[in-house]
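Presented below is the structure to which this report refers.
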Amino acid sequence: MRVPIRRAAPIAALLALTACGGSPAPAPTDPPAPPPCTPDTGTVDWDEPTSTPSLLHVVARYRDDTRTTWRDLLDRPFTPEVTGDGTDRSWIPTLARSLGERHNLSLGPDSSPGDELTRLHTMLENSTQHGWLLAYSGTTLVEAGFRVTCGTAAPTPITGTLTTWNSMDSGFLSCADQDARDDPAAYPDAWDHCPTD
């Protein structure tokens, strides 16, 4: 009996596939994705920063011959911020270090100290001066725009703004010393916290 040729071809193909192990050739793998573009993996360029004095903490103490009164009037530690599409809070330490190195500044990578009121109380405890005294502390807020580029991995720069703080300054004043109001001061708005009662 004669076998039709049209049936022989599928049988021959099946035998050939079985002889070769029956496994298809592996597909080519995709190249690994580039690392995300961040200030640690890219290059950071800066705009010129702006600086603004900012009062953060104020303690008042009143003393006379019969009593001593304390008031905590202002307590607002500052937390650095970063804004911009594609940015992240984890960028702040690297950005603060980069901007600080560029302008020889010691910029805060984290929130400003949260125990300043305790330190200001200590500043005033040993004073025997009567009337209202203020102890205060503040900082200089530093803000600058930036661009992060990562070459061919991310040809479009990631842009944003960093706002952080530069060291803490402190001082004290007597609310009764009206002449001192005309003297230059780092934080002239401290006078606004003098109690009136």
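The values are calculated or read from the model by the stated rules, or taken from the named source; none is laboratory data. Note that the structure is predicted; figures quoted are calculated from it, not measured. Ideal geometry is used to build each Cβ from the backbone, glycine not excepted, and the neighbour counts take in all protein chains shown. Note: areas computed on protein heavy atoms with side chains; ligands, DNA, RNA excluded. Shrake-Rupley method; radii C 1.70, N 1.55, O 1.52, S 1.80 Å.
Worth a mention:
- Test: residue in region 34-41 that is open to solvent by less than 70 Å² (accessible area, probe 1.4 Å) and under 15 Å from the mean Cα position of the chain (by Cα): yes
- Per-region count, region 43-68, residues open to solvent by 40 Å² or more (accessible area, probe 1.4 Å) and of a type in the set (V, I, T): 5
- Number of the exception - A144 against (1) under 29 Å from E48 (Cα atoms); (2) at pLDDT 95 or above; (3) assigned to a strand (DSSP E or B); (4) open to solvent by 50 Å² or more (accessible area, probe 1.4 Å): (4)
- Restricting region 50-81 to residues that are over 17 Å from L124 (Cα atoms) and among the polar types (S, T, N, Q) leaves a set whose member that is farthest from the chain's Cα centre (by Cα) is T66.
- Taking each residue of region 111-130 that is on the phi < 0 side of the Ramachandran plot and looking for partners that are assigned to a helix (DSSP H, G or I) and open to solvent by 90 Å² or more (accessible area, probe 1.4 Å) with beta-carbon atoms closer than 9 Å, six or more apart or interchain, yields P113/R119.
- Index of the failed condition, T152 passing every other in (1) of a type in the set (S, T, N, Q); (2) farther than 22 Å from Y187 by Cβ; (3) under 15 Å from the mean Cα position of the chain (by Cα): (3)
- Some residue of region 123-138 being closer than 28 Å to P36 by Cβ and either modelled with pLDDT of 95 or more or open to solvent by 60 Å² or more (accessible area, probe 1.4 Å) (or both): no
- Residue in region 133-141 that is in contact (Cβ under 8 Å) with a residue 60 or more places away in the chain and over 29 Å from the mean Cα position of the chain (by Cα) present: yes
- Residue tally, condition outside any strand (DSSP E or B) and at negative phi, over region 61-91: 15
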